[in-house]
Amino acid sequence: MNIVATFTIVDESLFSVQFNNEDTNEFRKLFRNWNDPEYLHRFFSKNVKDLQAPFWGGISVDAAIEKTRKDAKKMEKKLLSLAKSGLSLGENLSDYFMPLTNNVIGELEKDKAKGLAKNSWLRIYAIRVDKNLFVICGGGIKLTKTMNEREHLQKELEKLEITRLYLLNEEDDELDFMTSY
């Protein structure tokens, strides 16, 4: 898996990568999938056992689809709003994203943002380049306690590392936001 392009979502604030095996950037892909009832039905049907865990209260596939679509709409609106308002003195993306782990090492921190609904399973993964400057590299529906318990979330960990290394090593003209580093 390689990064083929970076895209500006909000100038000077929010960017997204596109991997060679995808038809669009990760930001657009996430919200397209999280608003697609057919995609969500396939996902939740495949992971119905996780939905039946006591933590989720045995929610049905149909209810999970509805919950996801509502939360995704709120999350997208919040991300775009924070990216724009953070260019001034308001609340910004750095207030919303948090380190993926407690072991933050070096530059280009791996971060996550959670959906806004109570007990949200939506996650967006990004690399923090600077205050209010993030590069989205993936996301997922996290129904288990850790990311290591499911293959689709392990893939997101790989994408985080691929993106971090790309940003550390790439001398791409599209990455002019890196010049401040």
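The values are calculated or read from the model by the stated rules, or taken from the named source; none is laboratory data. On a predicted model such as this, the values are computed, not experimentally measured, just so you know. As a convention, Cβ positions derive from the backbone with ideal geometry for all residues, glycine included, and neighbour counts pool all protein chains shown. SASA here: full protein model, heavy atoms, side chains in, ligands and nucleic acids out. Shrake-Rupley method; radii C 1.70, N 1.55, O 1.52, S 1.80 Å.
Contact annotation: residue pairs with Cβ atoms under 8 Å, 6 or more positions apart or on different chains, pairing a residue in region 41-57 that is closer than 15 Å to ARG150 by Cβ with a partner that is of a type in the set (Gly, Ala, Ser) and open to solvent by 50 Å² or more (accessible area, probe 1.4 Å), are LEU51/SER60. Looking at this structure, is LYS110 touching a residue at least 40 places away in the same chain (Cβ under 8 Å) and assigned to a strand (DSSP E or B)? Criteria met by LYS110. When SER81, SER45, SER60, SER120 are checked against the criterion of being open to solvent by less than 30 Å² (accessible area, probe 1.4 Å), of a type in the set (Ser, Thr, Tyr) and more than 12 Å from the chain's Cα centre (by Cα), SER120 stands alone in meeting it.
Is there a residue in region 96-105 that is touching a residue at least 60 places away in the same chain (Cβ under 8 Å) and in contact with a Leu (Cβ under 6 Å, 6 or more places away or on another chain)? The answer is no; no qualifying residue exists. Taking into account only those residues within region 1-40 that are out of contact with any helix residue (DSSP H, G or I) (no Cβ under 9 Å at 6 or more places or on another chain) and part of a helix (DSSP H, G or I), which is surrounded by the most Cβ atoms within 10 Å (Cβ to Cβ)? Looking at the filtered set, the residue picked out is LYS29.
Just one of the listed residues (LYS77, LYS73) is among the basic types (Lys, Arg) and under 14 Å from VAL10 (Cβ atoms), namely LYS77.
Restricting attention to region 142-161, the residues that are β-branched (Val, Ile, Thr) and open to solvent by less than 50 Å² (accessible area, probe 1.4 Å) total 1. Any residue in region 1-14 that is without any contact (Cβ under 8 Å) to a residue 24 or more places away in the chain sitting within a Cβ distance under 6 Å of a residue that is among the hydroxyl-bearing types (Ser, Thr, Tyr) and open to solvent by less than 80 Å² (accessible area, probe 1.4 Å)? List the pairs, counting only those 6 or more apart or interchain. Qualifying pairs under 6 Å: PHE7/SER16.
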